[in-house]
Amino acid sequence: MGIVNVTPDSFSDGGVHLDPDDAVAAARRMIEEGAAIVDVGGESTRPGHEPVSLDEELRRVVPVLERLDGVPVSVDTSKAEVARRALALGAELVNDVTALRADPAMADLVAESGAWVCLMHWEKQPDYADVVSDVVAFLEERLRFAVDAGIEEERIVLDPGIGFGKTVEQNFELVRRLPELVALGRPVLVGFSRKSSLGRVLGDADAKTGPLSASLAAAVSAYERGATILRVHDVRSHVEALTVAAAVAG
Ligand code: HH2
């Protein structure tokens, strides 16, 4: 999954794709480089981000989606109205980092549209007994909620939410013990690309991002532990690394 942030303030690529033409070109290039889908988002979720109004999020995302006809698209949003417009323009997956908790209209919209949905773990004030068990319990609960709302279980993807309210050690433990999430029986998405825990484990205690080399190692580690979707900025390098990892796995 290639990341197309149409935002001025995303943590690693803020402002890069703010112009719709640049975002569309980046998305098409990612597909050419081997991405199965591109994730288009108009609101940053990095720590301390500015909330974005509905109008502003639509203004950023809609012109991009209008020009991505025929490209497999996921929309990174927590707002049902943004998701509704994106689905009408052909998006196939709703990537909701709040796991259907921010907008009460989101679950019904996804159910009625028949789209895929990604449910991500994010506790704003975490108090983990055991981070992995707590993430598993949360995702199990959101999975049940989604199915009860009428979303087909076969259309649901789960995500541990790397970097969302977790320490460096907790982020790595989630990947180390990814099989406990995979055991829930749904595809697991991991988004470790460029995240600050990578820079921090390399020795920079104040890192805001991590380098490509570290992103590749995290993606391959997650793949080897059962992740099926890797959300990444640098598509070509990840496709190459994962192709080799897959060849080794046989
Ligand atoms: N991470 C980010 C945003 N959306 N969605 C899912 N499902 N999983 C993730 O790990 C995830 C996500 C944050 O990364 P990025 O999009 O690069 O930055 P920002 O939120 O600052 O736009």
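The values are calculated or read from the model by the stated rules, or taken from the named source; none is laboratory data. Please read all numbers here as calculations on a predicted model, not as lab measurements. Cβ atoms come from the backbone with ideal geometry, glycine included; neighbour counts cover every protein chain shown. For the accessible areas, the whole protein counts, side chains as well, though only heavy atoms, and no ligand, DNA or RNA atoms are used. Shrake-Rupley method; radii C 1.70, N 1.55, O 1.52, S 1.80 Å.
Would segment 88-175 count as rounded, prolate or oblate if I go by the C-alpha gyration tensor, calling it rounded below 1.5 in a/c and otherwise prolate when a/b exceeds b/c, oblate otherwise? Prolate, because a/c is 1.5 or more and a/b exceeds b/c.
Residue by residue, segment 55-62 carries 3J(HN,Hα) couplings of 4, 5, 5, 5, 4, 7, 8, 4 Hz when phi is fed to the Karplus relation 6.51 cos²θ - 1.76 cosθ + 1.60 (θ = phi - 60°); x denotes Gly or Pro. Overall form of the chain: rounded. Here a/c, set by the Cα gyration tensor axes a ≥ b ≥ c, is under 1.5. Here the 3J(HN,Hα) profile of segment 232-246, calculated from phi with Karplus coefficients 6.51, -1.76 and 1.60 at θ = phi - 60°, is 9, 7, 9, 5, 4, 4, 5, 4, 5, 4, 6, 5, 5, 4, 5 Hz, Gly and Pro shown as x. Its residue count N sets the reference 2.2 N^0.38 Å, and the alpha-carbon radius of gyration of segment 52-199 equals 1.06 times that reference.
The HN-Hα couplings worked out from phi for segment 109-121 by the Karplus form 6.51 cos²θ - 1.76 cosθ + 1.60 (θ = phi - 60°) are 4, 5, 4, 5, 7, x, 6, 6, 9, 10, 9, 10, 7 Hz, whole numbers, x standing for Gly and Pro.
Annotation: amide H-H contacts under 5 Å for VAL38 (H modelled 1.01 Å from N, sequence separation of 5 or more, or interchain): GLY2, VAL73, SER74. In the calculated pair distance distribution of segment 90-129, what percentage of Cα-Cα distances lie above 12 Å? Within segment 90-129, distances greater than 12 Å cover 61 percent of Cα pairs. Using bins of 10 Å that start at zero, the share of Cα-Cα pairs per bin across segment 117-250 amounts to 13, 42, 35, 11, 1, in whole %. Overall shape of segment 133-179 was characterised from the C-alpha gyration tensor. The equivalent ellipsoid obtained from it has semi-axes of 24, 10, 9 Å, in decreasing order. Here PHE172 sits with roughly 50 square angstrom of accessible surface, probe radius 1.4 Å. Between the beta carbons of ARG176 and VAL147, assuming R0 = 25 Å, the FRET efficiency works out to 0.30 to the nearest 0.05. Entry note, segment 159-246: relative contact order of 30 percent, from Cα contacts under 8 Å with a spacing of 6+ residues. Counting Cα-Cα pairs of segment 30-109 in 5 Å increments starting at 0 gives whole-percent bin shares of 3, 16, 27, 25, 17, 9, 3, 0. Think of each Lys and Arg Cβ as +1 and each Asp and Glu Cβ as -1; about the Cα centre, that makes the dipole of the chain roughly 460 debye.
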